[in-house]
Every structure is written in C-alpha cells, then in structure tokens.
Amino acid sequence: MTNGKDNDQFTNNQLSKKKDRRDRLYHFFGYWLLSVCLVIGIWSLIILFFAPFLFRLNSARMWPMSTPFLPTTGAEVKDRGWHDLDVVLVTGDAYVDHPSYGAAVIGRVLQAAGFRVGIIAQPDFRTTRDFSRLGRPRLFFGVTAGNMDSMVANYTAHKRPRLNDDYSPGGRPGLRPDHAAVVYANRAREAFRDVPIVLGGIEASLRRFAHYDWWKNEVRRSILLDSRADILVYGMGETQVLEIARRLAAGENLHGIRGTAVTAGSRVQGFTGSRLEEARSRGQEAGDDVPGIGDHGGSDIIKIPSYEEVREDIDKFNEAFRTIVENQDPFTGRTLAQGHANRYVLQYPPALPLETKDLDAVYELPYVRGWHPSYNGEGGVPGFETVRFSIISHRGCPGECSFCGLSLHQGRIVSSRSESSILNEAQALTRRKDFRGTITDVGGPTANLYGAVCGRWQGKGACGNRHCLTPTPCRNLKPGYEKGLSLYGKLHALPGVKHVFIESGFRHDLLVDPKARGYLERICKDHLSGRMKVAPEHSSDRVLDIMNKPSFSVYEQFSALYRSICRKLGKDQHLVSYFISAHPGCTLEDSLSLALRLGELGIHPEQIQDFMPLPMTLSGTVYHTGKDPFTEKEVYVPRSFRERKMHRALIQHKNPKNTPLVREALKLLKKQHLFPKLMPGRKTA
Ligand code: SF4
C-alpha cells in the first residue's frame, strides 16, 4: 500500500515538475514575444515620427522639383534642403503656376536653368515682413506688378476703385498697391539693402521712359528711378532674366543686355552719365563708342528729349515717343538715352524674338497649371478659369493698334510654337482629372496669326516705313492658315478631345481675303464655341485711322460673310464685336454716327470699352499731347468724364438707364429730333 502511495506521489511530483517546466517555457516565450513586439512598436513610432523629415530631406536633395509649386514660405525652402534661394520673385498677382502668368514663366525658366527660385505673391506692402519671408536671395529680387499695370487692375475707366480683381484669390480687390512695381521694389530694398532688384512685367515695360500717367494726370519719371531698381527688363523677359542671373552669379556687370534698361550713374558700374556727357560734348549723340552695349554691334546711342523737357513740352514728348517707336525693332533698334536730372535712363535694343525651339521649351516647363493650394479656401483665382484648358500657340502681334501696349511689349514679329510641342501640351491636358474633353482656346494675341511669317522678320526686322496690316494687309505677310488648320485637326483627333475651340480674337481684315475662305469655313464649322470675337472698334474711318485699324467697310464685309457661312453651315453662331468709346479723335458726332450705323446693322453692342490711355501707347500719347506724334496734326480728345459717359450712352442707347445722357448729348449736338429713333417710346425731354 505504502509503495502504491509512494508511486502515486512520485508520479504526481513528476507531473507537477513537467507542468512547471512547461509554464516556465510559456512564460519565457510570452515575455520574449512581448519584448519583440514592444521593440518593434517603439521603432515603428520612432520611424513614423521622423519619416516625413527624413523623406523630405532626402527627396529634396535628390529631386529639387519634388514639390510641384515653387517655394512660397521659409519652411518650403527648408523642406527642399536649401539654406537660401538664388532668386526671389515678387508679384502683384496671386501665384498661379500657368504659362499665362508672367511670374510663373520666369520662375520656371530660372528653375530649369538650375537656379533656386521662390515666389512671394501679393505681399503685404505696408511692411517688409513678407519681403523677408524667403530670406535674402543670393542673386536678386525679381519684381513685377503682375499681368496688368496695377493702375488698370485697381481702377475703372472712370478712375473708380474696381470691385474685383480676377488675378487675386476669390477675386478680392485691394491686394496689390497702386504703382505696385515701385512699392514692391522699395520694400524689397528696405528688407535687404544690398540685393540687386530686377523689374519686369508690363507695368515696368510700358513705364521705362518718362511717361504720361492718366490716373495722376502727370508726366512721371522712368519707373527705374522711382523704384530704385538696378535693371529693368522690357518686353517678354525670358532671355534677359537668364542672362542677368548668369552674370550676377558670375560676378559680372549688367551692361548691354538686350531688352533691358538701366540708369547710368547708378550701381551699375563703368557706364556713367559723365561718360555720356563727354560723348555729347564731342558732338556725338549717335555712333559713340560707349562700353557695355554688348552684342549691339554699332554701340550707338540716340539721345531722346529728357524727362524735364517732355514734362514741360508736348512737342518734346511727341518727339521722344516717335524715337522710341522707331527703335522698337530688335534688328534695327538702337540704344536710347533719356536724361533725368543728372542721370540717364539707357535702353538697350529689344531682345531678339524667341525661335520656335526656345518658345517650345518655355511652354513645356513643368507648370502645375493651377493656383497655389493656399487659395483653395477662397475658391481659387477667377482669372485662371479662362485659361485652365487653353493653350498658347504663338506670341507677337503685327497689328500695332494704337491703344494697345501689346505690340510694344511682345513686338510685331510673330513667333509660333511647333505643332508637336502644342500636341504634347494638349495630351498632358487630356490626362488631367478635371478635363472634360474641351480645349477652350488655342491662340495668342491674334488667333489667326498662328504660323504667320514675313520674309523680313528673321534677320531684317519689321518695316519701319509701313504697317503690316493697315491700311490694308501687306502682301508679304503670309498667315499660317494651313499650319493652323493642320494643328487644330490633330488636336481634335487626340484621344479624349471632343472640341477644340478658338476663343482668342481674330483679325477680320485678314479673313475677308478670298484665300482665307477655306480657313474661315473650317473655323466656323469646327472650332467656335458659338461665337467669334472681332474688334472693329469704331465706324468712323477717321477715328479708325487714328486707332490704326482697318476701315469699317471691311468689318461690314466680314460680318456679312461670317453670317452667310454660318447660315450655310446651319450654325447659330454670334459675332462678338468690340468697340471703344471716347478714343482720341472721336467726337460726340462720331459716337452718334456709330450708334446709328450699328442700329441699321441690327447690332446692339455689349462689349464697349471706355478708352483708357495706357502709358507709352500711341493713343495715350495723343490723349496727353492732343497731337498725332507722327503727323503733328492736332487731334480732338474727349477728356471730361461727363463727355466720356455721353459717348458710351449714345452707343448703348438701348439701355433705359442712359436716357438722361442720350438726351443731353443730342441737345449738345442740336439733334434732339433723333431721340425717338434712338429711344423709341421714351419722352424727348
Ligand atoms: S514686309 Fe509687310 S509684313 Fe513684312 S514687316 Fe514689312 S509691312 Fe510687315
């Protein structure tokens, strides 16, 4: 029995020991597993915490363009692993990374050349805080008022503040100061005293010499002096800006760069006012050997009347304007000098137009084609919507309309992109999630001049003794209709593209040519979104002559042709016709004639633009001086706001709100008997 008990006890002990061993083993593995999990967990947390920093740092080193927009804050600069930037661009527009926005183009061009670029868009101009946001740029600040002159952006044609700004987030007005380029340049100078400042954009371009400022009704000095900038880029600025960046990086001076203006006696070395004076005292106002003219072989300088002279004397103002226009061509233009007190503004000859391959390269840069995400809360930037699915096909305009600054800014010579480059851009558009199948525009300053050429343009430059399109189109101008139609057809054939529309304005004087019939019919058939835009501007041939536009009879001919083509095609398409009221040369009688003529034609125009004299345009000059600078004949100029309102009211006489103004205008003209004709059913007095 005892043995049996002992055996049982032995067996129990054995079992208990086994169980203990098993429990210890389980505990060991349990703790081991727990430890492993803890270690993995802790490392995971550490990695999760530091991963964004490690990844960003690494990616910034390897791919500086990994963030799609150019940096706009100090943090974004650091995210790229950079300590500083080479160039900081300051713009009066919201930051929209699209080739229609000048600051975006310049930013991308510099970036593609290897420079580190940041953008400060619409900074608070009351302090220097925003201007310091990206730190001190190594090379320069590039300053632009934006895509428009800031005074045009801020004020209506009646000098009232605008209620919205399409180039600002949410269309909010007031985000850019008046004379923005001057204000921004001075703030940048306050923030970093020794950093060079480069001015560019249309505001700088059209105010580079002493100019008439309609908003202040005064002749102002060159913007170079008010802004205290080191150099001004005029016209389209890609080549100039690249050359400026290259020279500053190499420690070279900024003399003699085509398409730029500088002040002599400023921080630019080796080219002083006294040297110029010396040349003049030797009786050499042209043909003098002045250092720094660069590739402008003749190195000759033409002196134009000084700021002090043009401010006091309208004939001197006209003389200066004439000489500026005569030297506007990149192939024949010479260096101009204008005195401002004891200094000079020197303008080097215009930049050569970009060749097709260079133009392609500019438009093929990696634009995001969108507004900066910081504007999402305000619904984005309204101005972007018109270009969201559009493609720029060419630049330059041989039209030379007197009221427009475009031919002064882009030049008369047309440069067109290659078909393959445009097709590549279109293909990229079709890959966007928001693309619904419509390319809204393929155009430039004038839609039907894509591919246009003249034998003189490359090498000799545009004619100085005649216009390309007026009084009738020059026989040597070859519009590129076949090229255009081939392009539109190929765009239409791309997978995902349902429509290719041309929304840019057309030159109707070119389209009345029987040789253009096939082109016009195809455009009307396949490439209009229900309307074609043209700009007859007025019905008086005398006024049209001052505007440098073709005769009204050409518009009437075109209008009839367009309607008959659309009728034949069974298409109900409108002709949107733009008119300008109160242009220099236009009397109340002329506006009444326009109103009556349009009434006879059954046209009731909504697109009336009140004339606004832009700096350095021919019309702006005539407005200021009251004379045509080329013929020196006196020109009537409607100046008072009351009269300007009457001009518009006569043209828009169908609007009942205009009744008192129409009455007043007819009374002044002693033509009250026409009131019932203009405003049937309304009381004459
Ligand atoms: S030849 Fe005719 S198209 Fe050519 S630049 Fe002269 S005016 Fe213009």
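Just so it is clear, none of the values below were taken in a lab; they were calculated from the coordinates. Fair warning: this is a prediction, and the values are worked out from it, not measured in the lab. Please note: Cβ atoms are built from the backbone with ideal geometry, for glycine as well, and neighbour counts cover all protein chains shown.
Taking 16 Å as the straight-line reach from the Cα of residue 357, the aspartates and glutamates in range (excluding those fewer than 8 positions away in the same chain) are 238, 419, 425. The gain in end-to-end length when the residue 631 to residue 499 segment is fully stretched comes to 42.8 nm, 0.36 nm per residue minus the alpha carbon separation. Remark on segment 74-347: hydrodynamic radius 19.3 angstrom, per the Kirkwood mean of 1/r across alpha carbon pairs. Computed on the Cα trace of segment 389-529, the radius of gyration divided by the Kirkwood hydrodynamic radius gives Rg/Rh = 0.98.
The label-point distance for residue 513 and residue 217, in a model that sets each label 7 Å from Cα toward Cβ, rounds to 4.5 nm. Given R0 = 60 Å, the distance between the Cβ atoms of residue 667 and residue 84 translates into a calculated FRET efficiency of 0.35. Note on the chain: antiparallel DSSP beta bridges, both residues inside, total approximately 40 percent of the bridges counted. Compactness of segment 197-267, taken as the C-alpha radius of gyration over 2.2 N^0.38 Å, stands at 1.14. Scanning residues 5 or more positions from residue 303 or on other chains, those with amide H under 5 Å from its amide H are 337, with H placed 1.01 Å from N in the peptide plane.
The HN-Hα couplings worked out from phi for segment 399-406 by the Karplus form 6.51 cos²θ - 1.76 cosθ + 1.60 (θ = phi - 60°) are x, 6, 4, 5, 8, 9, x, 5 Hz, whole numbers, x standing for Gly and Pro. With neighbour counts taken as other beta-carbon atoms within 10 Å, the residues 375, 26 rank, fewest first, as 26, 375. Ranked for footprinting exposure by Cβ neighbours inside 10 Å, fewest first, 432, 24, 193, 108 give 193, 24, 432, 108. P(r) tail for the chain, what percent of Cα pairs lie past 39 Å? Considering the chain, 41 percent of its Cα-Cα pairs are separated by more than 39 Å.
The convex hull built on the alpha-carbon positions of segment 309-352 has an orientation-averaged projected area of 3.1 nm². Globularity index of segment 531-685 is 1.10 (Cα radius of gyration / 2.2 N^0.38 Å, N = number of residues). Axis angle, to the nearest 10 degrees, between helix 2-62 and the longest C-alpha principal axis of the chain: 20 degrees.
Extension gain for residue 193-residue 342 works out to 51.3 nm (0.36 nm per residue, less the C-alpha to C-alpha distance). Using only side-chain charges placed at the Cβ, +1 for Lys and Arg and -1 for Asp and Glu, the dipole size of segment 531-685 relative to its Cα centre rounds to 740 debye. For segment 590-673, a crude dipole built from +1 on the beta carbon of Lys and Arg and -1 on the beta carbon of Asp and Glu, taken about the Cα centre, is about 440 debye to the nearest 20.
What the Cβ-Cβ distance of residue 641 and residue 606 gives, at R0 = 35 Å and to the nearest 0.05, is a FRET efficiency of 0.95. Under 5 Å from the amide H of residue 581 lie the amide H atoms of 609, 610, 611, each residue being 5 or more positions distant or on a separate chain, with H modelled from the backbone and absent for Pro and chain starts. The orientation-averaged shadow of the Cα convex hull for segment 526-619, equal to a quarter of the hull surface, comes to 6.7 nm². Rounding to the nearest 10 and keeping the result within 0 to 90°, find how far the Cα-based axis of helix 238-250 lies from the longest principal axis of the chain. Around 60 degrees separate the two axes. Remark: the chain carries a charge dipole of roughly 1980 debye about the Cα centre, counting +1 on each Lys and Arg Cβ and -1 on each Asp and Glu Cβ. Remark: the residue 361-residue 247 segment gains 38.9 nm on full extension, using 0.36 nm per residue and subtracting the alpha carbon distance.
For segment 619-677, the Kirkwood hydrodynamic radius from C-alpha pairs, put into Stokes-Einstein at 20 °C and a viscosity of 1.002 mPa s, yields a diffusion coefficient of 166 µm² per second.
By other beta-carbon atoms within 10 Å, ranking 545, 149, 572 with the fewest at the front produces 572, 545, 149. Backbone phi angles across segment 585-593, fed through the Karplus curve with coefficients 6.51, -1.76 and 1.60 (θ = phi - 60°), yield HN-Hα couplings of x, 9, 8, 4, 4, 5, 5, 5, 4 Hz in residue order; Gly and Pro are listed as x. Measuring from a point 7 Å past the Cα of residue 574 along Cα-to-C-beta, which residues in segment 509-536 have an amide N at less than 17 Å? Once the point is set 7 Å along Cα→Cβ of residue 574, 528-536 turn out to lie under 17 Å by backbone N, inside segment 509-536. Helices in the chain, meaning DSSP H runs of at least 4 residues, each add -39500 (n - 2.57). Divided by all residues, the mean residue ellipticity at 222 nm is -12000 deg cm²/dmol. For segment 536-584, the fraction of alpha-carbon pairs lying more than 15 Å apart is 49 percent, rounded to a whole number. With the simple model of a label 7 Å out from the Cα in the direction of the Cβ, residue 486 to residue 541 spans 3.9 nm. Relative to the longest principal axis of the Cα atoms of the chain, the long axis of helix 314-326 makes an angle of roughly 60 degrees. Determine the relative contact order of the chain: mean sequence separation of Cα pairs under 8 Å and six or more apart, normalised by residue count, in whole percent. Contact order relative to length: 9 percent. Remark on segment 418-470: ratio of C-alpha radius of gyration to 2.2 N^0.38 Å is 1.67.
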